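K.L.:
Please find one structure pasted underneath; my questions will follow.
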Amino acid sequence: MMTYLEAALLGIVQGLTEFLPVSSSGHLALGHAMLGIKTGDVTFEVIVHFGTLMAVVTVFRRRIWKLVYGFFGRDPRALKTVGLLVLASLPAVIAGLTLEGRLTEIFASPFTVSVMLIVTGFVLFSTRNRLGERPVETVLSSLAIGIAQAAAIVPGISRSGMTIATGLWCKVEAQEAAMFSFLLAIPIIAGATALKVGGLVTIGPGTESWSVLLVGAVTAYVSGVFSVRWLLSILGRGKLSLFAYYCWAVGLIGVVSYW
């Protein structure tokens with residue numbers, strides 16, 4: 001069974017790294033290897049994913065409601081945005097269904113994850129002086145962001161980093177790129193949660209106490225809300241590339257540790 005401290009640490013790590021451009025999968029893999037902290041059972045994973053899902057829904061609740069209302073009201077702009085989100089989701093769905101197990105097995109070693117974090121750093125660094133002025137409004141930019149999201153199936157490659165950076169390369173305004181990236185994350189996180197629920201139904205409820213599960217959910221939610229708002233603030237100042245130094249530092253530590 002997990003302790004409250006372990007549940008809180010894993011919840012915080014999940015909430016922060018799910019949305020900051022530093023790779024949640026990479027941090028969890030290195031955290032397990034370096035600190036010896038084990039993830040909880042399937043129940044804990046479901047609860048923590050639900051916490052991060054609620055975080056992004058909380059921050060973007062007005063935009064989400066506007067999209068839902070506009071979609072059912074047949075608003076052309078809302079219909080176009082939803083269509084672009086669906087299009088951008090397809091590459092990740094295809095990659096997840098066909099490659100995820102094999103890629104995770106191949107790239108899951110701490111050393112390889114560390115190398116991928118360094119690669120993520122270079123992607124983020126490439127966004128210096130990239131200033132866009134428009135929302136995601138073309139099929140090409142939407143598809144490019146979707147392909148970038150699919151690439152993040154490799155542990156150590158940041159989903160938000162890849163998608164936001166690709167948006168900037170396509171001349172999308174930074175906060176609009178982040179908005180699209182986070183809206184795109186909702187079905188991904190919801191899908192991951194649903195898969196975990198499927199596993200929970202198969203193997204039955206886990207061994208963690210409700211209080212431990214609550215600690216994990218609350219810390220994931222609170223840290224998730226904080227990380228989304230903080231990243232939007234940083235993007236507003238055009239400083240996404242600052243995260244490159246962090247990814248390089250963590251990646252180099254991992255490479256040296258597991259060479």
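The values are calculated or read from the model by the stated rules, or taken from the named source; none is laboratory data. Everything quoted here is computed from the prediction, not taken from an experiment. For neighbour counting, all protein chains shown are included, and Cβ atoms are generated from backbone atoms with ideal geometry for every residue, glycine included.
K.L.:
What is the residue count in segment 1-36 for residues that are over 30 Å from A177 (Cα atoms), among the hydroxyl-bearing types (S, T, Y) and assigned to a loop (DSSP other than H, G, I, E, B)?
P.N.:
1
K.L.:
Next question, about the same structure. Please go through segment 235-259 and give me each residue that is surrounded by fewer than 19 Cβ atoms within 10 Å (Cβ to Cβ), of a type outside the set (S, T, Y) and more than 13 Å from M116 (Cα to Cα), ordered by number.
P.N.:
Residues satisfying the conditions are G236, R237, G238, K239, L242, V256, W259.
K.L.:
While we're here: Which of the residues that make up segment 232-259 are more than 17 Å from S158 (Cβ to Cβ) and either in a loop (DSSP other than H, G, I, E, B) or without any contact (Cβ under 8 Å) to a residue 12 or more places away in the chain (or both)?
P.N.:
The answer is S233, R237, G238, V256, W259.
K.L.:
Is there a residue being modelled with pLDDT of 95 or more, over 25 Å from G224 (Cα atoms) and in a helix (DSSP H, G or I) anywhere in segment 142-157?
P.N.:
Yes, some residue in segment 142-157 is modelled with pLDDT of 95 or more, over 25 Å from G224 (Cα atoms) and in a helix (DSSP H, G or I).
K.L.:
When the residues of segment 95-129 are narrowed to those that are at pLDDT 80 or above and of a type in the set (F, W, Y), which ends up farthest from the chain's Cα centre (by Cα)?
P.N.:
Checked segment 95-129; the qualifying residue farthest from the chain's Cα centre (by Cα) is F111.
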